[in-house]
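**Student:** One structure, as C-alpha coordinates, below. Some questions next.
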Amino acid sequence: MLLVTTGCGLLGGGTSGSPGDAAAGLEQTRIKVGAMPIIDYAPMHLAIRNGYFRDEGLDVETVNIAGGETSVTGLVSGELDVTFGNWMSFFAAQAKGVADLRLVADGYQSRPHNFVVVVPQGSAISRPEDLAGKKIAVTIRGAITELLAKAALDANSVQQSGVSYVEVPFPAMPAALKARQVDAAVMVEPFITHAERSIGALPVLDVAQGATADFPISGYATTAALVRDKPKTVAAFRRALLRGQREAADRAKVEQVLPTFAKIDKATASLVHLGSFPTRLDAVRIQRVADLMAVHGLLPRPLRVDAMVMENLPGS
(Lines give C-alpha, C1' and ligand atoms only; values in the text may rest on other atoms or scores of the structure.)
Protein backbone atom coordinates (compact mmCIF):
# COMPACT_ATOMS: atom_id res chain seq x y z
CA MET A 1 0.00 0.00 0.00
CA LEU A 2 1.16 3.50 -0.82
CA LEU A 3 1.31 5.90 2.12
CA VAL A 4 0.49 9.51 1.37
CA THR A 5 0.97 11.67 4.45
CA THR A 6 -1.10 14.78 4.84
CA GLY A 7 -0.04 17.13 7.60
CA CYS A 8 -3.34 18.79 8.38
CA GLY A 9 -1.67 21.41 10.54
CA LEU A 10 0.06 22.77 7.44
CA LEU A 11 -3.14 23.31 5.48
CA GLY A 12 -5.34 26.35 5.39
CA GLY A 13 -8.95 26.39 6.48
CA GLY A 14 -10.81 26.70 9.76
CA THR A 15 -10.51 29.20 12.54
CA SER A 16 -11.80 27.32 15.57
CA GLY A 17 -8.77 27.73 17.82
CA SER A 18 -5.27 26.25 17.74
CA PRO A 19 -4.63 22.59 16.89
CA GLY A 20 -2.93 22.20 20.25
CA ASP A 21 -6.07 23.26 22.12
CA ALA A 22 -8.26 20.91 20.09
CA ALA A 23 -5.86 17.99 20.49
CA ALA A 24 -5.61 18.32 24.26
CA GLY A 25 -8.69 16.17 24.97
CA LEU A 26 -8.09 13.50 22.30
CA GLU A 27 -6.89 10.00 23.08
CA GLN A 28 -4.96 9.92 19.78
CA THR A 29 -4.06 12.79 17.45
CA ARG A 30 -2.48 11.04 14.47
CA ILE A 31 -4.70 8.65 12.56
CA LYS A 32 -4.39 6.58 9.40
CA VAL A 33 -7.34 6.63 7.03
CA GLY A 34 -7.95 4.27 4.11
CA ALA A 35 -8.42 6.21 0.86
CA MET A 36 -9.38 5.52 -2.76
CA PRO A 37 -9.00 7.82 -5.80
CA ILE A 38 -12.70 7.91 -6.68
CA ILE A 39 -15.44 10.55 -6.71
CA ASP A 40 -16.99 9.25 -3.48
CA TYR A 41 -13.91 10.38 -1.56
CA ALA A 42 -14.07 14.08 -2.57
CA PRO A 43 -15.40 15.34 0.81
CA MET A 44 -12.40 13.85 2.61
CA HIS A 45 -10.07 15.80 0.35
CA LEU A 46 -12.07 18.97 0.90
CA ALA A 47 -11.83 18.45 4.65
CA ILE A 48 -8.06 17.93 4.45
CA ARG A 49 -7.47 20.85 2.09
CA ASN A 50 -9.46 23.26 4.22
CA GLY A 51 -7.91 22.24 7.53
CA TYR A 52 -11.01 20.78 9.14
CA PHE A 53 -9.06 17.92 10.71
CA ARG A 54 -6.44 20.35 11.94
CA ASP A 55 -9.22 22.33 13.61
CA GLU A 56 -10.12 19.18 15.54
CA GLY A 57 -6.51 18.56 16.58
CA LEU A 58 -6.04 15.64 14.18
CA ASP A 59 -3.14 14.87 11.87
CA VAL A 60 -4.43 12.57 9.10
CA GLU A 61 -2.27 10.18 7.11
CA THR A 62 -4.17 8.82 4.12
CA VAL A 63 -3.32 5.31 2.92
CA ASN A 64 -4.28 4.37 -0.62
CA ILE A 65 -6.14 1.04 -0.64
CA ALA A 66 -7.18 -1.19 -3.52
CA GLY A 67 -10.81 -1.73 -2.58
CA GLY A 68 -13.40 -2.97 -0.13
CA GLU A 69 -11.69 -6.10 1.21
CA THR A 70 -8.44 -4.18 1.67
CA SER A 71 -10.24 -1.58 3.74
CA VAL A 72 -11.51 -4.24 6.15
CA THR A 73 -8.21 -6.09 6.43
CA GLY A 74 -6.49 -2.78 7.13
CA LEU A 75 -8.78 -2.15 10.08
CA VAL A 76 -8.45 -5.69 11.42
CA SER A 77 -4.64 -5.61 11.21
CA GLY A 78 -4.42 -2.20 12.85
CA GLU A 79 -2.79 -0.62 9.78
CA LEU A 80 -5.80 1.72 9.52
CA ASP A 81 -7.71 3.54 12.22
CA VAL A 82 -10.62 4.56 9.98
CA THR A 83 -11.31 3.63 6.40
CA PHE A 84 -13.41 4.61 3.47
CA GLY A 85 -15.09 1.69 1.70
CA ASN A 86 -18.25 0.36 0.11
CA TRP A 87 -21.11 -0.67 2.37
CA MET A 88 -21.21 -4.15 0.86
CA SER A 89 -17.69 -5.01 2.02
CA PHE A 90 -18.37 -3.72 5.52
CA PHE A 91 -21.62 -5.65 5.84
CA ALA A 92 -20.16 -8.88 4.42
CA ALA A 93 -17.26 -8.72 6.89
CA GLN A 94 -19.59 -8.07 9.81
CA ALA A 95 -22.02 -10.85 8.88
CA LYS A 96 -19.19 -13.36 8.40
CA GLY A 97 -17.54 -12.43 11.70
CA VAL A 98 -14.37 -11.25 9.95
CA ALA A 99 -14.46 -7.97 11.87
CA ASP A 100 -16.53 -6.10 14.44
CA LEU A 101 -17.10 -2.78 12.71
CA ARG A 102 -18.75 0.48 13.59
CA LEU A 103 -19.99 2.90 10.95
CA VAL A 104 -18.54 6.39 11.33
CA ALA A 105 -20.24 8.39 8.57
CA ASP A 106 -22.14 8.08 5.31
CA GLY A 107 -20.12 8.86 2.21
CA TYR A 108 -21.90 8.66 -1.13
CA GLN A 109 -25.23 7.69 -2.62
CA SER A 110 -26.40 7.27 -6.18
CA ARG A 111 -28.24 9.71 -8.36
CA PRO A 112 -29.48 9.27 -11.94
CA HIS A 113 -26.81 8.25 -14.45
CA ASN A 114 -24.29 7.21 -11.78
CA PHE A 115 -24.63 3.46 -12.43
CA VAL A 116 -25.65 2.65 -15.98
CA VAL A 117 -25.64 -0.35 -18.31
CA VAL A 118 -24.13 0.86 -21.58
CA VAL A 119 -23.69 -0.75 -24.99
CA PRO A 120 -21.47 0.10 -27.98
CA GLN A 121 -22.74 1.99 -30.99
CA GLY A 122 -24.57 -0.27 -33.42
CA SER A 123 -25.65 -2.73 -30.73
CA ALA A 124 -28.98 -4.49 -31.18
CA ILE A 125 -29.63 -3.88 -27.47
CA SER A 126 -31.83 -0.83 -27.03
CA ARG A 127 -33.99 -1.64 -23.99
CA PRO A 128 -33.63 -3.60 -20.76
CA GLU A 129 -35.50 -6.62 -22.14
CA ASP A 130 -32.77 -7.04 -24.77
CA LEU A 131 -30.22 -7.84 -22.05
CA ALA A 132 -31.70 -11.31 -21.50
CA GLY A 133 -29.10 -13.96 -22.29
CA LYS A 134 -26.34 -11.41 -22.82
CA LYS A 135 -22.77 -11.13 -21.52
CA ILE A 136 -22.44 -8.12 -19.19
CA ALA A 137 -19.19 -6.70 -17.85
CA VAL A 138 -18.93 -5.83 -14.15
CA THR A 139 -15.78 -4.70 -12.39
CA ILE A 140 -15.90 -7.41 -9.68
CA ARG A 141 -18.31 -10.33 -9.28
CA GLY A 142 -20.63 -9.89 -6.31
CA ALA A 143 -19.89 -6.17 -5.98
CA ILE A 144 -22.20 -3.17 -6.18
CA THR A 145 -22.39 -3.03 -10.00
CA GLU A 146 -23.61 -6.63 -10.25
CA LEU A 147 -25.97 -6.23 -7.30
CA LEU A 148 -27.64 -3.15 -8.80
CA ALA A 149 -27.76 -4.72 -12.26
CA LYS A 150 -29.55 -7.81 -10.94
CA ALA A 151 -32.02 -5.66 -8.99
CA ALA A 152 -32.73 -3.52 -12.07
CA LEU A 153 -33.18 -6.55 -14.34
CA ASP A 154 -35.61 -8.03 -11.81
CA ALA A 155 -37.53 -4.74 -11.76
CA ASN A 156 -37.80 -4.88 -15.54
CA SER A 157 -38.91 -8.56 -15.53
CA VAL A 158 -35.81 -9.66 -17.42
CA GLN A 159 -35.13 -13.40 -17.27
CA GLN A 160 -31.67 -13.62 -15.68
CA SER A 161 -30.92 -17.32 -15.95
CA GLY A 162 -29.10 -16.78 -19.26
CA VAL A 163 -27.31 -13.57 -18.28
CA SER A 164 -23.58 -13.98 -17.65
CA TYR A 165 -21.39 -11.50 -15.80
CA VAL A 166 -17.74 -11.07 -16.75
CA GLU A 167 -15.13 -9.26 -14.67
CA VAL A 168 -13.61 -6.35 -16.58
CA PRO A 169 -11.89 -3.37 -14.89
CA PHE A 170 -13.71 -0.08 -15.46
CA PRO A 171 -10.88 1.44 -17.57
CA ALA A 172 -10.91 -1.59 -19.89
CA MET A 173 -14.67 -1.69 -20.44
CA PRO A 174 -14.80 0.67 -23.47
CA ALA A 175 -12.28 -1.48 -25.38
CA ALA A 176 -14.15 -4.66 -24.42
CA LEU A 177 -17.40 -3.15 -25.68
CA LYS A 178 -15.86 -1.89 -28.91
CA ALA A 179 -14.29 -5.32 -29.61
CA ARG A 180 -17.64 -7.02 -28.82
CA GLN A 181 -15.97 -9.11 -26.11
CA VAL A 182 -19.02 -8.28 -23.99
CA ASP A 183 -22.50 -7.22 -25.04
CA ALA A 184 -22.93 -4.55 -22.36
CA ALA A 185 -21.17 -3.13 -19.32
CA VAL A 186 -22.30 -1.78 -15.96
CA MET A 187 -20.30 1.41 -15.56
CA VAL A 188 -19.97 4.22 -13.02
CA GLU A 189 -18.81 7.78 -13.31
CA PRO A 190 -16.39 9.04 -14.53
CA PHE A 191 -16.06 5.94 -16.72
CA ILE A 192 -19.55 6.42 -18.17
CA THR A 193 -18.63 9.87 -19.43
CA HIS A 194 -15.27 8.58 -20.73
CA ALA A 195 -17.02 5.76 -22.64
CA GLU A 196 -19.61 8.09 -24.11
CA ARG A 197 -16.89 10.48 -25.28
CA SER A 198 -14.39 7.87 -26.51
CA ILE A 199 -16.51 5.18 -28.20
CA GLY A 200 -19.98 6.72 -28.29
CA ALA A 201 -21.33 4.26 -25.72
CA LEU A 202 -25.10 4.38 -25.29
CA PRO A 203 -27.07 3.91 -22.06
CA VAL A 204 -29.82 1.30 -22.03
CA LEU A 205 -30.59 0.95 -18.32
CA ASP A 206 -29.99 3.14 -15.30
CA VAL A 207 -29.62 0.56 -12.52
CA ALA A 208 -29.94 3.11 -9.70
CA GLN A 209 -33.54 4.10 -10.19
CA GLY A 210 -36.94 2.92 -8.99
CA ALA A 211 -36.40 0.57 -6.04
CA THR A 212 -32.67 1.32 -6.09
CA ALA A 213 -32.92 5.10 -6.48
CA ASP A 214 -30.69 7.10 -4.12
CA PHE A 215 -28.94 3.86 -3.26
CA PRO A 216 -26.27 4.01 -0.52
CA ILE A 217 -22.87 3.25 -2.03
CA SER A 218 -20.05 3.92 0.40
CA GLY A 219 -19.04 5.34 3.75
CA TYR A 220 -16.51 5.29 6.57
CA ALA A 221 -15.97 2.63 9.23
CA THR A 222 -13.72 1.78 12.13
CA THR A 223 -13.54 -1.02 14.68
CA ALA A 224 -15.72 -1.38 17.76
CA ALA A 225 -12.52 -1.46 19.80
CA LEU A 226 -11.38 1.95 18.57
CA VAL A 227 -14.77 3.48 19.32
CA ARG A 228 -14.65 2.00 22.81
CA ASP A 229 -11.07 3.03 23.59
CA LYS A 230 -10.83 6.35 21.71
CA PRO A 231 -14.33 7.81 21.40
CA LYS A 232 -13.19 11.45 21.42
CA THR A 233 -10.79 10.81 18.57
CA VAL A 234 -13.47 9.12 16.47
CA ALA A 235 -15.94 11.91 17.22
CA ALA A 236 -13.39 14.53 16.19
CA PHE A 237 -12.77 12.70 12.92
CA ARG A 238 -16.47 12.54 12.18
CA ARG A 239 -17.02 16.24 12.90
CA ALA A 240 -14.24 17.23 10.50
CA LEU A 241 -15.40 14.83 7.78
CA LEU A 242 -19.00 16.05 7.98
CA ARG A 243 -17.79 19.59 7.30
CA GLY A 244 -16.31 18.21 4.08
CA GLN A 245 -19.52 16.33 3.28
CA ARG A 246 -21.54 19.53 3.66
CA GLU A 247 -19.11 21.45 1.47
CA ALA A 248 -19.42 18.81 -1.26
CA ALA A 249 -23.00 19.97 -1.83
CA ASP A 250 -21.35 22.72 -3.92
CA ARG A 251 -20.61 21.01 -7.24
CA ALA A 252 -18.03 23.62 -8.19
CA LYS A 253 -15.91 22.69 -5.18
CA VAL A 254 -16.08 19.00 -6.03
CA GLU A 255 -15.06 19.73 -9.61
CA GLN A 256 -12.04 21.68 -8.35
CA VAL A 257 -10.75 18.85 -6.17
CA LEU A 258 -11.39 15.84 -8.46
CA PRO A 259 -8.33 16.41 -10.71
CA THR A 260 -6.08 16.53 -7.63
CA PHE A 261 -6.69 12.95 -6.50
CA ALA A 262 -9.04 11.04 -8.81
CA LYS A 263 -7.17 11.33 -12.12
CA ILE A 264 -10.17 13.05 -13.68
CA ASP A 265 -9.29 15.90 -16.03
CA LYS A 266 -11.07 19.23 -15.67
CA ALA A 267 -13.17 18.73 -18.80
CA THR A 268 -14.50 15.37 -17.62
CA ALA A 269 -15.01 16.69 -14.08
CA SER A 270 -17.34 19.31 -15.50
CA LEU A 271 -19.42 16.67 -17.30
CA VAL A 272 -19.72 13.74 -14.89
CA HIS A 273 -23.02 13.04 -13.19
CA LEU A 274 -22.32 13.30 -9.48
CA GLY A 275 -24.06 11.36 -6.75
CA SER A 276 -24.88 13.00 -3.44
CA PHE A 277 -22.80 13.27 -0.27
CA PRO A 278 -25.05 12.60 2.76
CA THR A 279 -24.45 14.51 5.98
CA ARG A 280 -26.35 12.10 8.22
CA LEU A 281 -25.83 8.40 8.84
CA ASP A 282 -29.32 6.90 8.55
CA ALA A 283 -29.42 3.24 9.58
CA VAL A 284 -32.82 2.71 7.94
CA ARG A 285 -31.54 4.00 4.62
CA ILE A 286 -28.35 1.95 4.52
CA GLN A 287 -30.24 -1.13 5.71
CA ARG A 288 -31.40 -1.28 2.07
CA VAL A 289 -27.93 -2.46 1.08
CA ALA A 290 -27.82 -5.33 3.56
CA ASP A 291 -31.37 -6.38 2.65
CA LEU A 292 -30.62 -6.46 -1.08
CA MET A 293 -27.43 -8.40 -0.43
CA ALA A 294 -29.43 -10.97 1.53
CA VAL A 295 -31.99 -11.29 -1.29
CA HIS A 296 -29.21 -12.14 -3.75
CA GLY A 297 -27.35 -14.52 -1.45
CA LEU A 298 -24.41 -12.24 -0.69
CA LEU A 299 -24.75 -12.48 3.08
CA PRO A 300 -24.59 -15.68 5.15
CA ARG A 301 -27.41 -14.37 7.34
CA PRO A 302 -29.61 -11.25 7.64
CA LEU A 303 -27.79 -8.30 9.16
CA ARG A 304 -29.13 -5.50 11.34
CA VAL A 305 -27.25 -2.38 10.34
CA ASP A 306 -28.44 -0.27 13.27
CA ALA A 307 -26.26 -2.35 15.62
CA MET A 308 -23.21 -1.09 13.72
CA VAL A 309 -24.06 2.62 13.87
CA MET A 310 -22.12 4.66 16.40
CA GLU A 311 -24.17 6.59 18.94
CA ASN A 312 -23.56 9.03 21.79
CA LEU A 313 -19.98 9.92 20.99
CA PRO A 314 -18.63 12.81 23.08
CA GLY A 315 -19.12 16.15 21.40
CA SER A 316 -21.18 14.71 18.54
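The values are calculated or read from the model by the stated rules, or taken from the named source; none is laboratory data. Quantities reported herein were computed from a predicted structural model and do not represent experimental measurements. All Cβ positions, even for glycine, are placed from backbone atoms using ideal geometry, and neighbour counts span all protein chains on display.
**Student:** Name every residue in segment 192-201 that is crowded, with 19+ Cβ neighbours inside 10 Å and in contact with a helix residue (DSSP H, G or I) (Cβ under 8 Å, 6 or more places away or on another chain), in order of residue number. Explain how you work it out, then say what you get.
**Tutor:** The initial filter retains those residues of segment 192-201 that are crowded, with 19+ Cβ neighbours inside 10 Å, namely 192-195, 201.
Correct list: 193, 194, 195, 201.
**Student:** List the pairs whose first member sits in segment 297-312 and is over 20 Å from residue 144 (Cβ atoms), whose second member is in a loop (DSSP other than H, G, I, E, B) and among the polar types (S, T, N, Q), and whose Cβ atoms are under 9 Å apart, counting only residues at least 6 apart or on separate chains?
**Tutor:** If the second residue must be in a loop (DSSP other than H, G, I, E, B) and among the polar types (S, T, N, Q), the pairs left are 310/316.
**Student:** With 93, 66 as the choices, which residue is within 17 Å of the chain's Cα centre (by Cα) and buried (at least 20 other Cβ atoms within 10 Å of the Cβ)?
**Tutor:** Details: 66 fails: buried (at least 20 other Cβ atoms within 10 Å of the Cβ).
On inspection, the qualifying residue turns out to be 93.
**Student:** Residue by residue through segment 79-90, note down the ones that are farther than 27 Å from residue 301 by Cβ and either surrounded by fewer than 22 Cβ atoms within 10 Å (Cβ to Cβ) or of a type in the set (Phe, Trp, Tyr) (or both).
**Tutor:** Residues of segment 79-90 farther than 27 Å from residue 301 by Cβ: 79, 81.
79 - this is the single residue of segment 79-90 that is farther than 27 Å from residue 301 by Cβ and either surrounded by fewer than 22 Cβ atoms within 10 Å (Cβ to Cβ) or of a type in the set (Phe, Trp, Tyr) (or both).
**Student:** I need the full set of residues from segment 269-282 which are surrounded by fewer than 19 Cβ atoms within 10 Å (Cβ to Cβ) and in contact (Cβ under 8 Å) with a residue 40 or more places away in the chain, in order please.
**Tutor:** Let us first name the residues in segment 269-282 that are surrounded by fewer than 19 Cβ atoms within 10 Å (Cβ to Cβ), namely 270-271, 273, 276, 279-280, 282.
Across segment 269-282, the qualifying residues are 271, 273, 276, 279, 280, 282.
**Student:** Checking residue 222 against (1) closer than 27 Å to residue 69 by Cβ; (2) in contact with a Leu (Cβ under 8 Å, 6 or more places away or on another chain); (3) surrounded by fewer than 23 Cβ atoms within 10 Å (Cβ to Cβ); (4) among the hydroxyl-bearing types (Ser, Thr, Tyr), which single condition isn't satisfied?
**Tutor:** Here residue 222 meets the rest and fails (3).
**Student:** State yes or no: is residue 244 within 17 Å of the chain's Cα centre (by Cα), assigned by TED's automatic domain parsing to the domain that holds residue 26 and under 15 Å from residue 48 (Cβ atoms)?
**Tutor:** Working: within 17 Å of the chain's Cα centre (by Cα): yes; assigned by TED's automatic domain parsing to the domain that holds residue 26: yes; under 15 Å from residue 48 (Cβ atoms): yes.
Yes.
**Student:** For segment 237-268, what are the residues that are touching a residue at least 12 places away in the same chain (Cβ under 8 Å) and among the small types (Gly, Ala, Ser)?
**Tutor:** Listed by number, the residues that qualify are 240, 244, 248, 249, 262.
**Student:** Also: Could you please tell me which pairs satisfy a Cβ distance under 8 Å, a separation of 6+ or placement on different chains, a first residue in segment 120-141 that is on the phi > 0 side of the Ramachandran plot, and a second residue that is assigned to a loop (DSSP other than H, G, I, E, B) and at pLDDT below 95?
**Tutor:** Between residues of segment 120-141 that are on the phi > 0 side of the Ramachandran plot and residues that are assigned to a loop (DSSP other than H, G, I, E, B) and at pLDDT below 95, the close pairs are 133/159; 133/162.
**Student:** May I ask you to list the residues in segment 141-176 that are surrounded by fewer than 18 Cβ atoms within 10 Å (Cβ to Cβ) and either within 17 Å of the chain's Cα centre (by Cα) or among the aromatic types (Phe, Trp, Tyr) (or both)?
**Tutor:** 141, 142, 169
**Student:** Residues in segment 195-207: is at least one under 30 Å from residue 33 (Cα atoms) and not β-branched (Val, Ile, Thr)?
**Tutor:** There is no residue in segment 195-207 that is under 30 Å from residue 33 (Cα atoms) and not β-branched (Val, Ile, Thr).
**Student:** For residue 219, all conditions in the list (1) at pLDDT below 95; (2) touching an Asp or Glu at 6+ places or on another chain (Cβ under 6 Å) hold save one; what is the number of the exception?
**Tutor:** (1)
**Student:** In segment 154-208, which residues are touching a Gly at 6+ places or on another chain (Cβ under 8 Å) and either under 14 Å from residue 137 (Cβ atoms) or free of Cβ contacts under 8 Å to residues at least 12 places away in the same chain (or both)?
**Tutor:** 163
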